[in-house]
Amino acid sequence: MDSQRLILFFVFSFSVFLLLDAWQRDQPPTAPTAVSQQQRGGAQPGQAAIPAPAQTPVPGDKLVASQAVKPPEGTAVLPKGDTLQVETDFLRAEINTAGGDLRRLEFKKHRATLDKNKNFVLFDSKPDHVYIAQSGLIGANLPNHRSTYTASATSYELAEGTDKIEVRLEAPESGGLKVVKIYRFHRSSYVIDVGYEISNQGPVEVQPFAYFQLLRDNKPPDGDSAMLPTYTGAAVYTDKDKFQKVAFGDIEKAKTPYPKNGNDGWIAMLQHYFFSAWLPKNGAPREFYTRLLDGGLYSAGVIVPAGAIQSGKNGMLTVPLYAGPQEQDKLAKLALGLDLTIDYGWLTIIAVPLFWVLSWLHQWVGNWGVAIIVLTVLIKLLFYPLSQASYRSMGKMRVLAPKLQKLKEQYGSDRQRLQQAMMGLYKTEKINPLGGCLPIVVQIPVFISLYWVLLASVELRHAPFMLWINDLASPDPWFVLPVLMGATMIIQTRLNPEPPDPVQAKVMKIMPVAFSIFFFFFPSGLVLYWLINNILSIAQQWHINRVLERDNRNQPRKT
């Protein structure tokens, strides 16, 4: 090797490659190709699919919906009905009487990505974007998401001193079956209970199934960029098969990498910082499904049995819907594995402890930016022995730089003799040219994990630091932090030994500028981490260089 700095260059380049690979693996898929209704086995456009009667399930059969038809398919054109307004201390919701769909959901505690003067909207049904929650019953004479409901009011508001509010939607009675669809909103909660009251006044027993699905296009959320893409798509969790993503591309190709049946688990639709998930109670059979619908819409849902309802009896079924931010301290309490919706990549095992330390520091200092600085110092102290060995190796190489240059001038273009002479010099001076490599490699997973923590944690979204930095999850609007980081990188390169090869030396001089531009698109919280880390590294390397240079001057010169 020509120099230790060249080794570090390749190691650092490899770490950047790992970052880029992690960014690219969840790129949003391209728009779906046209798929015929015959291929999908769904209803023709413009026709409302009518569910067939559910048959009696076979005892002990693990499949739920194999004994019933699938939920009716939808189209990009949603049926029109009356809009019901619901407001709690956390949410503003709009429910449409056509299908009883939850077609708009606004979060009062979170600002919009592009316009912070507006509230963030998760569910919406605009001409250019559809993301809604639907549900219905499967069986003869039972309402589905194409049925029309009626309500006693058009506006509902959570009153002071109450913990919940109900919205009751009545479906037309048919075949002796009377159904009421119920939305139950809770105070200070993003959980919405969606249920059905079924009154069987007919002459025979019924055994309906209920389906709960999320309908969405593949449009990425506002603020998602090609430089920092995040995953948008479905996900399924069961205790046996754990967390599995179901990308829109898999749905297009009818791939089912997830378990279809189980007695536990949930299904969700994910995007950056926020998600929605149906959370059936564990211990009951269920079937998960995903489908590509007309107009480039995707559905991800779960089918559960409502149980047998004898003539003259009533039945009740409720499934919670979580639609809110990916807050780590709350998700695991709602359902097993729900905290895995926070995507920390393949280094989750390191990223999760890092977040908890960062969160704990935030409780003490009260500012996420200050917490990042303190965490950076703690990580630097943790890796101090390793980085000390690395910087000491580079410092020795810096001291040897004049001797290496003389060898290069002595042997000229004879690369073989030059390499032999360099290795002899390393042996004489007791320097391992690879001595600084391993410590850097060990720290790479921590750097990448912290990157994912700062990118994926909703707690840092719109979190201010100081002065012009009012959102640690967004790039620096004035590019001050990236420029400062580039300046610290320039200082670092001057403290390290310069490669003897002129081309390598030029590359090392260009790197700080290139990385500064690259970091223009990074969250300012991550750039803040790198800046503080560079400053601490400069101080450590400067101190080591001074000690080595002093020792070199004090050594008796050989004659």
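The values are calculated or read from the model by the stated rules, or taken from the named source; none is laboratory data. Quick caveat, the model's predicted, so the values are computed rather than measured. When we count neighbours, we look across all protein chains shown, and the Cβ atoms used for this are built from the backbone with ideal geometry, even at glycine. The area values use the complete protein model at the heavy-atom level, side chains included, leaving out ligands, DNA and RNA. Shrake-Rupley method; radii C 1.70, N 1.55, O 1.52, S 1.80 Å.
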Would you mention how many residues in segment 85-128 are over 16 Å from residue 273 (Cα atoms) and touching a residue at least 40 places away in the same chain (Cβ under 8 Å)?
17
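Condition check ((1) under 22 Å from residue 79 (Cβ atoms); (2) open to solvent by 50 Å² or more (accessible area, probe 1.4 Å); (3) of a type in the set (Val, Ile, Thr)) across all residues:
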| residue | (1), (2), (3) |
| --- | --- |
| 163 | no, yes, no |
| 205 | no, yes, no |
| 214 | yes, no, no |
| 223 | no, yes, no |
| 247 | no, no, no |
| 269 | yes, no, no |
Can residue 246 be described as at pLDDT 95 or above and among the β-branched types (Val, Ile, Thr)?
yes
Residue list for segment 260-286, filter: in contact with a Lys or Arg (Cβ under 6 Å, 6 or more places away or on another chain), farther than 16 Å from residue 343 by Cα and modelled with pLDDT of 95 or more:
280
Checking the conditions here, which among 434, 361, 386, 381 is modelled with pLDDT of 75 or more and open to solvent by 30 Å² or more (accessible area, probe 1.4 Å)?
381
Collect the residues in segment 466-488 that are touching a residue at least 24 places away in the same chain (Cβ under 8 Å), touching a Phe, Trp or Tyr at 6+ places or on another chain (Cβ under 7 Å) and not small (Gly, Ala, Ser), keeping them in residue-number order.
472, 475, 479, 482, 485
Restricting attention to segment 145-180, which residues are in a strand (DSSP E or B) and touching a Leu at 6+ places or on another chain (Cβ under 9 Å)?
150, 155, 156, 164, 165, 167, 169, 174, 177, 179, 180
Exactly one of (1) at pLDDT 85 or above; (2) out of contact with any Phe, Trp or Tyr (no Cβ under 9 Å at 6 or more places or on another chain); (3) of a type in the set (Ser, Thr, Tyr) is unmet by residue 559. Its number?
(1)
Go through segment 230-255 and count every residue that is assigned to a loop (DSSP other than H, G, I, E, B) and more than 19 Å from the chain's Cα centre (by Cα).
6
For the structure I just gave you, tell me whether residue 395 is modelled with pLDDT under 75 and either buried (at least 20 other Cβ atoms within 10 Å of the Cβ) or under 43 Å from the mean Cα position of the chain (by Cα) (or both).
yes
Is it the case that segment 338-353 has a residue that's touching an Asp or Glu at 6+ places or on another chain (Cβ under 8 Å) and modelled with pLDDT under 95?
yes
Can you tell me which residues in segment 154-176 are of a type in the set (S, T, N, Q) and in contact (Cβ under 8 Å) with a residue 40 or more places away in the chain?
154, 155
Taking segment 136-146 and keeping only residues that are modelled with pLDDT under 95 and small (Gly, Ala, Ser), one is left with 139, 140
Out of 439, 475, sole residue that is within 30 Å of residue 523 (Cα to Cα), at pLDDT 85 or above and not basic (Lys, Arg):
475
May I ask you to list pairs of residues, at least six apart or on different chains, whose Cβ atoms are under 6 Å apart, with the first in segment 177-189 being closer than 14 Å to residue 166 by Cα and in contact (Cβ under 8 Å) with a residue 40 or more places away in the chain and the second being basic (Lys, Arg) and crowded, with 22+ Cβ neighbours inside 10 Å?
none
Taking segment 343-359 and keeping residues farther than 23 Å from residue 373 by Cβ and β-branched (Val, Ile, Thr) leaves 348, 349
Going through 142, 78, 105 one at a time, which residue ends up being buried (at least 23 other Cβ atoms within 10 Å of the Cβ) and outside any strand (DSSP E or B)?
142
